[in-house]
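Read the figures in this text as sums done on the coordinates, not as results from a lab. Remember, it's a predicted structure, so these values are computed and weren't measured experimentally. As a convention, Cβ positions derive from the backbone with ideal geometry for all residues, glycine included, and neighbour counts pool all protein chains shown.
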Amino acid sequence: MADQETKLDAAEALNWEYLIQFGENDPGFFKSHKGLRQFAYDFTSNGNTAEQNSMLTELLKNATFGHSDGTNEETLKYVAKTLNSDLEKLRIFAKQRGIRLKKKT
């Protein structure tokens, strides 16, 4: 029996320190990214790893539902840039949760 790959946790894929700042309940801060700002606040307010994984999974699945691999890549780039997080780690997290992405060549 082959060893199953250990899944990356959401907190490992995202920039925790930035999420705390980004999710602050300051109406003037990053107003144009209100949905992701609320996600950041909710995510950092929840200390349960399984729930954080579920939150990020649902965010990514909702954002990529019905789209092409290429569009999904662009969506991940947007999320990574907006949340100041590592794109490669976010890609790993997404792929491990069944989100279709372009294959690296």
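Charged side chains reduced to their Cβ positions (Lys and Arg at +1, Asp and Glu at -1) give the stretch 10-96 a dipole of some 200 debye around its Cα centre.
Simple spin-label estimate for N84 and S54 gives 2.9 nm between the two label positions (7 Å along the Cα-to-Cβ direction from each Cα). So, counting K/R as plus one and D/E as minus one, what does the shell of residues with Cβ under 12 Å around L83 add up to? Within the 12 Å Cβ shell, the charges total +2. The angle between the Cα long axis of helix 69-82 and the longest principal axis of the Cα atoms of the chain comes to about 40 degrees, rounded to the nearest 10. Ellipticity at 222 nm from helices only: DSSP H runs of n ≥ 4 in the chain, each -39500 (n - 2.57), divided by the residue count, give -18000 deg cm²/dmol.
Across the stretch 10-96, C-alpha contacts under 8 Å between residues 6 or more apart give a mean separation that, scaled by the residue count, equals a relative contact order of 40 percent.
Spacing of the modelled spin labels on K104 and S45, each 7 Å from Cα toward Cβ, amounts to 3.6 nm.
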